[in-house]
Amino acid sequence: MNALEIKDLTKKYKSFTLDGVSLTLPSGCVMGLVGENGSGKSTIFKLILNIVKKDEGSIKILGKDHIDGGALTKEDVGVVFDELGIPNEMTAPQVDKVMKCIFKNWDSEEYMKLLEKLSVPTDRKIQKLSKGMKMKLGIAVALSHGAKLLLLDEPTAGLDPVVRDELVEMLYDFTRDESHSILISSHIVSDLEKLCDYIAFLHGGRLMLCEEKDVLLSQYGILRCTEEELSDIPEDAVKHKKITPYGAEAIVKRDLLPDGYSVSAVGLEELFVSMIKENK
């Protein structure tokens, strides 16, 4: 069973359109949404959660049709948005008491363990917490009620590198259970590169590609050569190029490159930036 199936998803606003996005997230996997601000990442999350209504297309969550939010249960889906959505006057222990009444599978012991692991203060009101601390509190809530699908919109925002690494490890442990899956967006592409099985590139409301991370990275490479050597390479093999007084650097498709050229590995961030520039 797939955790999430989106087909031809469309949402039209006055100044922006999410245009026919289709993607599939298999159970037990992590998919990263990559895109600039305004590319449509948050719109996809809101449509999945039925916060806004789709204009066209279909959504299946955990094998069930998404009709007026009917497939979405608060038990099965854990959510972390940029805004915490919990009253500012509450403390973390008070959040525990409230969540016990909301989630039938709420695990207070796990919640308190996560707060300690993430160094979230339990004696301060939420309004006194930093942005990063609020994000960690939201993550603790999302991981404490037996969710099978996590929807995480920029969960590493405001976190220092050490805590980001700890979070990536926690999410990796979550998906060791083959019934658990994650859809995550982040501007910190290096986090997605460590965590994700699939990568979806969004630009201007359109899905540029959705592919297994390892397959994607194996398809492309970085070629460093002279400008003259680069001119001998077929144009369709070159995704993006940069010419300097010291030579040429290009992101190329390995299978279209003539024999005899040596390429080095390309990172997701380099690949995404090159595709955006090419699209523009």
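The values are calculated or read from the model by the stated rules, or taken from the named source; none is laboratory data. Just so you know, these numbers come straight off a predicted model, no measurement behind them. Cβ: placed from backbone, ideal geometry, glycine included. Neighbour counts: every protein chain shown.
Among the listed residues L150, L137, identify the single one that is in a strand (DSSP E or B) and either of a type in the set (A, V, I, L, M, F, W, C) or closer than 15 Å to D76 by Cβ (or both).
L150
Among the residues of the range 34-66, what is the count of those that are among the charged types (D, E, K, R) and under 19 Å from L149 (Cβ atoms)?
6
Out of the range 131-151, which residues are in contact with a Gly (Cβ under 8 Å, 6 or more places away or on another chain) and among the aliphatic types (A, V, I, L, M)?
M135, V141, A142, L143, A147, L149, L150, L151, listed by residue number.
This table checks each residue for (1) over 28 Å from E270 (Cα atoms); (2) surrounded by fewer than 14 Cβ atoms within 10 Å (Cβ to Cβ); (3) not basic (K, R).
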| position | (1), (2), (3) |
| --- | --- |
| L4 | no, no, yes |
| K14 | yes, yes, no |
| E36 | no, no, yes |
| N88 | yes, yes, yes |
| I102 | yes, yes, yes |
| L115 | yes, no, yes |
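Six or more apart or on different chains, Cβ atoms under 8 Å: show the pairs whose first residue is in the range 60-76 and acidic (D, E) and whose second is modelled with pLDDT under 75.
So the pair list comes out as D65/A71.
Which one of these does Y111 not meet: (1) free of Cβ contacts under 8 Å to residues at least 40 places away in the same chain; (2) of a type outside the set (D, E, K, R); (3) under 30 Å from E5 (Cα atoms); (4) in a loop (DSSP other than H, G, I, E, B)?
Exception for Y111: condition (4).
Out of curiosity, is G85 outside any helix (DSSP H, G or I), of a type outside the set (D, E), free of Cβ contacts under 8 Å to residues at least 60 places away in the same chain and assigned by TED's automatic domain parsing to the domain that holds L150?
Against the criterion (outside any helix (DSSP H, G or I), of a type outside the set (D, E), free of Cβ contacts under 8 Å to residues at least 60 places away in the same chain and assigned by TED's automatic domain parsing to the domain that holds L150), G85 qualifies.
Residue check: is M208 aliphatic (A, V, I, L, M) and under 13 Å from S39 (Cβ atoms)?
Numbers: aliphatic (A, V, I, L, M): yes; under 13 Å from S39 (Cβ atoms): yes.
In short, yes.
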